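Here's the structure, in structure tokens; my notes come after.
The values are calculated or read from the model by the stated rules, or taken from the named source; none is laboratory data. Source: prediction; values computed, not measured. Cβ placement follows ideal geometry from the backbone for every residue including glycine, while neighbour counts extend to all protein chains displayed. Please note that ligands, DNA and RNA were not included when accessible areas were found on the heavy atoms of the full protein model with its side chains. Shrake-Rupley method; radii C 1.70, N 1.55, O 1.52, S 1.80 Å.
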Amino acid sequence: LIALLLEDYPSLATDKARLIALIVTNAYESTTYSYEEENGFDRDTGGGMFNYQNIIDHYNTAFNYTNTNGEANTIFKFRQVYLTEGQNLRAAFASIAKANGNSEDTVFTDYDMYLRDPDGNIVVSVLDSSTNVMMVNYVAPSTGYYRIEIRQYSVLKDTIDHTSLAY
């Protein structure tokens, strides 16, 4: 399925963070398991089942960002999304790890992901420092503009980070 996706959208071959965020955000959610890890994924099924059509339908709600800011504890990016009461929001953030084939040498910048309600209150936070992919899955209790916020928690681990946010 990924090969077909790359055939339809060749630019995703070089936009790996966008590819990851699109796959995670647009997966079918598992209804069998309810346990979630700190990073927003289900322990047994991850982000869910691959959904090719959802990826195509939501291709334009995935955004690439590059980060060259070495400063820690700063807001890196945010997006406002309008949700109606009862609407489900799935959002994923991915950054590309620096790897050389040895897992002990793999590094990535630590980002945190927040969702704020229309009043500015944090309703979901993903603070897992052991992953470079995070997901929020949230049902809006009221209608309004919600804010997906990505905060750079650690210093930049390389000179540039390639990242993507999809919803």
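Run the accessible area of the chain with a 1.4 Å probe and give the carbon-and-sulfur part as a rounded percent.
Working: 4350 of 8890 Å².
So the carbon and sulfur contribution to the accessible surface is 49 percent.
The slack in the chain from Ala13 to His58, taken as 0.36 nm per residue of separation less the alpha-carbon distance, amounts to 14.4 nm. Short to long, the 5 Å bins of the Cα pair-distance histogram for the range 52-116 hold 3, 10, 19, 20, 18, 14, 10, 4, 2, 0 percent of all pairs. Shown here are the Rg and Dmax of the Cα trace of the chain, at 15.6, 47 Å.
What FRET efficiency comes out for Asn102 versus Ile2 if R0 is 22 angstrom and r is the Cβ-Cβ distance? Round to the nearest 0.05. Efficiency at R0 = 22 Å is approximately 0.35.
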